[in-house]
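The values are calculated or read from the model by the stated rules, or taken from the named source; none is laboratory data. What you see is a predicted model; the values in this text were computed from it and never measured. A quick note on method: Cβ atoms are made from the backbone with ideal geometry, for glycine too, and the neighbour counts reach across all protein chains shown. Side chains included, ligands, DNA and RNA excluded: accessible areas come from the protein's heavy atoms. Shrake-Rupley method; radii C 1.70, N 1.55, O 1.52, S 1.80 Å.
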Amino acid sequence: MRKFRYIILLAFLALSCADDSSLSAVPSSSDGQGGSLARFTLAGDYLYTVDNFDLNVFNITNIEDPVKVNTVSIGFDIETLFNYKDYLYIGSQNGMFIYGLDNPEFPVKLSSVEHFTACDPVVANDTNAYVTLHSETFCGNNINVLEVYDVSDVTNPILLNSRNLEHPKGLGLYGNYLFVCDDEIKVFDVTNPEASKLVTSIKRSAFDLIISNDLLIAIGDEGLYQYQLSTEPGETVTATALSEISI
């Protein structure tokens, strides 16, 4: 059911970007963009997917005839995959892994961090990785926290801060703001990653989201929700509701 929801979500994002030229929502590259709970990602001419144990690499130069070119063993209980520039951030129930894509067909492990057994989506930018650990019956723990890592040196991630939340799941970055799907969609100012500040929230139940330029799409058990994001000098980020689709 979750995979089906992601297919709908990604298709909806593509349609939104194509159909509404009034939004600055067109992705800045041809790479695919998924939510933080996704198990696949596009980077250049390659599709990367994860299963419970492995990272799978497909060459999609010919989209009508994709070719599997490599399988990399990661570990156990792999859950999520997020790419940023030349790196893959892989979340598992036991930790986070960072792989380099200098050679896109042969991802190389650069580092990893371990944590208590918990479900683990992750997003990142140039200097920091943001991880939510949340309790689920199959994850084996009652931890519900947001962790912030310094990844300016991707070979040596350093934990900067850990913040208790209600039940965090998917998350996404919008400049210096971090959106987290918790009991509502919470928005943190992470200008100082060591001391994030809760600045506003969206009264919506969601388990994952995608942020593409100024477009936010959140997905929950009951529907898809689209918002226009904006910031004004001296003011916090605002999210204006655009549409809602029940599923």
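Overview of results
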| quantity | calculated |
| --- | --- |
| Tabulated pairs, region 217-236, first farther than 16 Å from D183 by Cα and in contact (Cβ under 8 Å) with a residue 60 or more places away in the chain, second open to solvent by 50 Å² or more (accessible area, probe 1.4 Å) and in a loop (DSSP other than H, G, I, E, B), C-beta under 7 angstrom, 6+ apart or interchain | L224/I247 |
| Pick from region 66-102, criterion open to solvent by less than 20 Å² (accessible area, probe 1.4 Å) and of a type in the set (F, W, Y), ranking: nearest to F40 (Cα to Cα) | Y89 |
| Filter result for V145 (without any contact (Cβ under 8 Å) to a residue 40 or more places away in the chain, within 17 Å of the chain's Cα centre (by Cα) and closer than 25 Å to Y84 by Cβ) | yes |
| Count of region 103-133 residues which are open to solvent by 20 Å² or more (accessible area, probe 1.4 Å), farther than 17 Å from V154 by Cα and among the β-branched types (V, I, T) | 1 |
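Yes/no matrix, rows are residues, columns are (1) within 27 Å of Q93 (Cα to Cα); (2) aromatic (F, W, Y); (3) surrounded by fewer than 13 Cβ atoms within 10 Å (Cβ to Cβ):
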| residue | (1), (2), (3) |
| --- | --- |
| Y149 | yes, yes, no |
| S152 | yes, no, yes |
| L173 | yes, no, no |
| L209 | yes, no, no |
| N213 | no, no, no |
| A218 | yes, no, no |
